[in-house]
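Reading through the structure tokens given below for one structure.
The numbers here are math on the coordinates, done by the rules we state, and not lab data. No experiment lies behind these values; they were computed from the predicted model shown. Because the Cβ atoms are built from the backbone with ideal geometry, glycine has one as well, and the counts that use them run over all protein chains shown.
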Amino acid sequence: MKLETGSIFAEHRNIPIRVSLPEGVFARLGRGCLPDIAFSPNSKYIAIGTWVGIWLYDLMTLSPIALWESERGMIGKVTFSDNGKWLAASNSDNNLKVWDVQRGVCIAQMETESYISGLTFSPDNSYLASASVRSSSVEVWNPETGTQLVQFTTETEKGGFFRPIVFSPDSHLIVSTGRVNIDSDVEIIVVWNVESKEQIASITGHTDNITNLCFSPCGQFLASSSEDSTVQIWKVGTWDPVRTYSDFGSQCRIFSSYSPDGTLCAVIMTYDDTDPVTVSVRNLDSGEQLYTDEVWGNTIEYSDIDDWGSTVEFSKGSRLAYECRHEFINVWTFDNPYKRQLVHSPISFPESVIFSQDGKMLAADYKQEGVILWDVANKQPRPAVEMVSGIGKNQFVYASNGEFYVVSVNKGNVMLWTINGSGSNSGTSLLAKEIRHAYKSTRPALTITGDKLACADSDGTLSVWDVQSGVKIREFTHTLDEDREEDDSDWIVALEFSSDGQMLVSQSNCGLHIQLWDVEHGERIDDFPSDEATDFRGFSPCGRFLACGYEEILLWDIAQQELISTIPDQEAPAFAYSPCGRYMAYGRKEIILWDLKCRRLCLRLSLPLECNNMYVLAFSPCGRYLAGGAWWIEGWDKVPMCIWEVATGENIATFLGHTTDIQCLSFSPDSTILASGSYDGTVLLWDMKPYLKNR
């Protein structure tokens, strides 16, 4: 049975469904990031919209049974109609579609004014309403025809993070939120009459963003939850305040919902700097705690909550789904005190990927989950380090001594781990803990031999540690610009060792951007032109050169301690060295291949028309091939990747698979697999064997 967009359901069996993959891909690792969740009214299905598409799960088995809308993906919001017949989904291209759930086909398609952050059907299934944080309007549609019926507009653009929207039980009223003024976080509740198409009320009372709205089943009350840590109840008609619940604590996020019998419950996500992040369900009328779960340990930063806390679905006060690091969405129901876990991994996106030396494992560093190890053969993930949260700054390296090292920096603590072996039975041992506090600036650096570790403190102090002994062997001070405003302060943004570990580069946000350090002798190399160098690109694998710059590339000869080349202007977000260190490739609209030994341009790699926005480059280990991944451009359904033969400059393949920006690329050691990590939350494994010559 085909399981492509528009297909009917797969059979309900406890085995993964086989979904269509892009041409040339033999595995998709992960099911997409930034999920939105919706329960079907009959409790039969749960829909998860991700940047890959719409995954439909059987709620009894928690197994995926269908994947829809995978041609474009980039799903923002999903919601079921009250009769269970339809599923509506929006995407980042401002498209809104309605799907027939049983037939698995799209029956209506609309173009919205802006990106949708609130989406709901009316209880009588006559209307579909959408709202956006980027506009001041609420749009109401006929869900069967896609015809816009009315557009409501507030006086001030919404802004903020949430745009809740809800119909009254009789479907006559629609309620959303607006802002007092564009520069304020204070929000109002706006009420419109759908039939008269008029605004009938503007309710004030909250002092911060409103996270959700819900009517009581009887239609007499409206509940609103806010980031001011309150839930307020309003009398429908007069819109007077009836009651306020406020005993939730100061650092929390609240989502309230009425159960079918009229009981008001709330999901409370609680977090601070020391305690674990918890999700709890409370009966607000009685104060009874119905459910609680520790989602993360006490390692989360306040700034990370917006990235995580929005993925919560609390349906009719009795069904809850929320995401949990690293691979689960937890499902709780009122009639079962225990959570169940739906495997949907990972939930954020990979920032870097690299194969193990035997090619059996792929390590990927995810925005939220930290370093995940994928078994290439069976496509199964596991955290590289289970003892600490992935939230933070991580670095990893498959060292030349055969070890796999992971450094985790979180809340000022630096932890260095070694992962023994590459199989599923490998162990994890802690090498060092709490080396020093206040390393808040950037990712640490590890040498490729795994013998040195460098960290940057928030005041510009650089510390270099011997991995085996745990002894600090060097300390440098990177000069920061102290005159910057607090909101635009100077800080260390990059650290990297040379291949032999004798040199260390640090880059700051402003001031003297790039500074070069002689680790062996414990001194700064003053001849390096720190006042001219920006955008550090990396040390060459041979250890002789250092490249930096964006619109022009500066090459520094480390041995001679002199600037040897200024490569002509060429906007170059994409950059890579060949494994032998002879060449470097860079560019965006075309790729320049530069001969470092002869100090000249040796080849221009032209891009196909559909690939003119390169962002990341990677050479194959054999040095014969170069892969390039693009940054998304408006109008693209899929983001292209190009493969070139280095010797001839021939574009031997163009792949289309990811729905948005390609973040990272890595070849397997034998060059037969290319892994591409994307902002869509997946890693695709491409079969390179058909394109390799003389294997």
Once you charge only the Cβ atoms, +1 for Lys and Arg and -1 for Asp and Glu, what is the size of the charge dipole of the chain about its Cα centre, to the nearest 20 debye?
2640
P(r) of region 589-653 in 10 Å steps, Cα pairs, percent per bin?
20, 53, 22, 4, 0
Going toward the positive end of the dipole of the chain, with +1 on Lys and Arg Cβ and -1 on Asp and Glu Cβ, which of SER135, SER216, VAL683 do you reach last?
VAL683
Using only the Cα atoms of region 571-695, each taken as one equal point scatterer with no solvent, compute I(q) by the Debye sum, divide by I(0), and report log10 of the ratio at q = 0.19, 0.20, 0.21 Å⁻¹.
-1.00, -1.11, -1.22
Residue separation between THR534 and ALA559 times 0.36 nm, minus their alpha-carbon distance, gives in nm 6.9 nm
Report the label-to-label distance for GLU351 and GLU634 in nanometres (one decimal), using points 7 Å from each Cα along the Cα→Cβ vector.
2.9
Averaging over all projection directions, find the projected area of the Cα convex hull of the chain and quote it in nm² with one decimal place.
30.6
Can you tell me how much longer the chain between LEU609 and THR566 gets when fully stretched, taken as 0.36 nm per residue apart minus their C-alpha distance, in nm with one decimal?
12.6 nm
Helical contribution to [θ] at 222 nm, DSSP H n ≥ 4, -39,500 (n - 2.57), averaged over the chain, rounded to 500:
0 deg cm²/dmol
With each pseudo-label sitting 7 Å past Cα toward Cβ, what's the GLU475-LYS379 distance in nm, one decimal?
5.1
Two-site FRET efficiency, ILE107 against ARG624, from Cβ-Cβ distance with R₀ of 56 Å, rounded to 0.05
0.65
If amide H atoms are modeled at 1.01 Å from N in the peptide plane, then the residues at a separation of 5 or more from TRP86, or on another chain, having amide H under 5 Å from its own are SER81, VAL101
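Using a/c under 1.5 as the rounded threshold, could you call region 138-268 rounded, prolate or oblate? The axes a ≥ b ≥ c are square roots of the C-alpha gyration tensor eigenvalues, and prolate needs a/b larger than b/c, oblate otherwise.
oblate
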If I model a spin label as a point 7 Å beyond the Cα along the Cα-Cβ vector, how far apart are those points for ASP261 and THR278 in nm?
2.5
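By how many nm would the segment from ARG600 to TYR338 grow when fully extended, if each residue of separation counts as 0.36 nm and the alpha-carbon distance is taken off?
Details: separation 262, 0.36 × 262 = 94.32 nm, distance 6.55 nm.
The ARG600-TYR338 span can extend by a further 87.8 nm.
So what is the relative contact order for the chain, in percent, with contacts set as C-alpha pairs under 8 Å and at least six apart? Don't jump to the answer; show the numbers that get you there.
Values: 1943 pairs, mean separation 53.5, N = 695.
Result for the chain is 8 percent.
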